[in-house]
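To keep things clear, I will list the structure first and then write my remarks on it.
The values are calculated or read from the model by the stated rules, or taken from the named source; none is laboratory data. The structure displayed is predicted, hence computed values, not measured ones. Neighbour counts are summed over all protein chains in view; Cβ atoms, including those assigned to glycine, are modelled from backbone coordinates with ideal geometry. What goes into the accessible areas is simple: the full protein's heavy atoms, side chains included, and nothing from ligands, DNA or RNA. Shrake-Rupley method; radii C 1.70, N 1.55, O 1.52, S 1.80 Å.
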Amino acid sequence: MVTGLLIITISLKTKVKEGNHLHIEFKKMSIQLNLDGLSFCIFNPALSCVESIYYLTIPPSTSPLVAEQQVQQFLKEERALCQDFDTIKVLHNNEQFAFVPEELFATELLFEYLKFNVPDYHNQIISHDTLKEEKMINVYIPNSSINRVLRETYGIFEYEHFTTTLLNILLMHNPKKKDAIYAHFDRGAFHLVVFKDEQLAFYNRFAFEEPIDMLYYLLFSLEQLSIDTEVTPLYLLGDIIRNSERYYLIYKYVRFIYFLPPQKNNPFCQNMDPTLARQNFILTHTF
């Protein structure tokens, strides 16, 4: 089923008076390609707010051709997505990625980096992002078929892997890399990031079906890293709320748990509903 959620509606373009001139300021949009669909977030720079968020649900079992058709139809039906945007950024959120130390990276070895993470990587387009702060490269397979649909609709846009954006945001929250745990939740998976001894000590994505499986992956990873859950804070973001089985299970074993608040230097999220902002944390922190 196709679902659309409109949070706020404002005029398609914002007119800003600059001296004696009238400047038309176009909006920005971030798009997140998940395994179970797409999310769209429209930013209004003139009003410093997130104007609207839309969701398109596509079951993972959907064929690429049908998925393309559903995206094309959705973009035609949702009028707000048909306007001109100053900047568009697309995030690919999937398990098909691998981090490579910068000194070991070579473009002719892209397939080699993914052969243990991706069962069928032949005849696929492979992209890579640079994480300058960590001196490493994120090698991944983007959703090329949906990229093509978006390019036909909007023209040129930037794209990168979801994990690249997530890490950059967490480094803004914790620039000194103090000991901390971060867990970003999707519907059936979570990204676990651990900083220890002023460096990035661990990053992995775990798929799970039951909350108890999630807890096992979390506690086992922290045990292997010798993380003291009595003193090291855990920050939660993404698809998790306080009144949930996921939260209560973690709460039994980790002493200090916090929901990561919107970044202070991000004006777009300051007046958003906190739960909504947290559930769409990366999508709303793209700009």
Looking at Ala67, Ala98, which is the one that is farther than 15 Å from Asn143 by Cβ, small (Gly, Ala, Ser) and not in a loop (DSSP other than H, G, I, E, B)? Ala98
Name the single residue, out of those in the stretch 171-183 being open to solvent by less than 70 Å² (accessible area, probe 1.4 Å) and in contact (Cβ under 8 Å) with a residue 40 or more places away in the chain, that is farthest from Arg205 (Cα to Cα). His173
All positions within the stretch 240-267 that are aliphatic (A, V, I, L, M) and closer than 17 Å to Glu209 by Cα: Ile240, Leu249, Ile250
Identify, by number, the condition in (1) at pLDDT 95 or above; (2) in a strand (DSSP E or B) that Lys17 doesn't meet. (1)
Can you find even one residue in the stretch 124-140 that is crowded, with 18+ Cβ neighbours inside 10 Å, in a helix (DSSP H, G or I) and within 21 Å of the chain's Cα centre (by Cα)? no
Name the residue that is nearest to Gln263 (Cα to Cα), counting only residues in the stretch 219-242 that are in a helix (DSSP H, G or I) and open to solvent by 30 Å² or more (accessible area, probe 1.4 Å). Leu219
Restricting attention to the stretch 270-284, the residues that are open to solvent by 70 Å² or more (accessible area, probe 1.4 Å) and in a loop (DSSP other than H, G, I, E, B) number exactly 3
Yes/no for Val66 being β-branched (Val, Ile, Thr) and open to solvent by 30 Å² or more (accessible area, probe 1.4 Å): yes
Would you mention how many residues in the stretch 70-84 are open to solvent by less than 50 Å² (accessible area, probe 1.4 Å) and either in contact with a Cys (Cβ under 6 Å, 6 or more places away or on another chain) or in a helix (DSSP H, G or I) (or both)? 5
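Filtering the stretch 86-104 down to residues that are surrounded by fewer than 17 Cβ atoms within 10 Å (Cβ to Cβ) and not aliphatic (A, V, I, L, M), which residue is nearest to Thr284 (Cα to Cα)?
Across the stretch 86-104, the extreme among qualifying residues is Thr87.
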If I go through the stretch 143-194 residue by residue, how many of them are part of a strand (DSSP E or B) and in contact with a Phe, Trp or Tyr (Cβ under 8 Å, 6 or more places away or on another chain)? 12
Answer yes if at least one residue in the stretch 252-269 is touching a residue at least 40 places away in the same chain (Cβ under 8 Å), open to solvent by less than 10 Å² (accessible area, probe 1.4 Å) and not in a loop (DSSP other than H, G, I, E, B), and no otherwise. yes
Just give me the residues in the stretch 205-218 being under 24 Å from Thr164 (Cα atoms) and open to solvent by 10 Å² or more (accessible area, probe 1.4 Å), in sequence order. Arg205, Phe206, Ala207, Phe208, Tyr217
Quick count over the stretch 45-75, residues being at pLDDT 95 or above, within 19 Å of Lys89 (Cβ to Cβ) and over 17 Å from the mean Cα position of the chain (by Cα), is 3
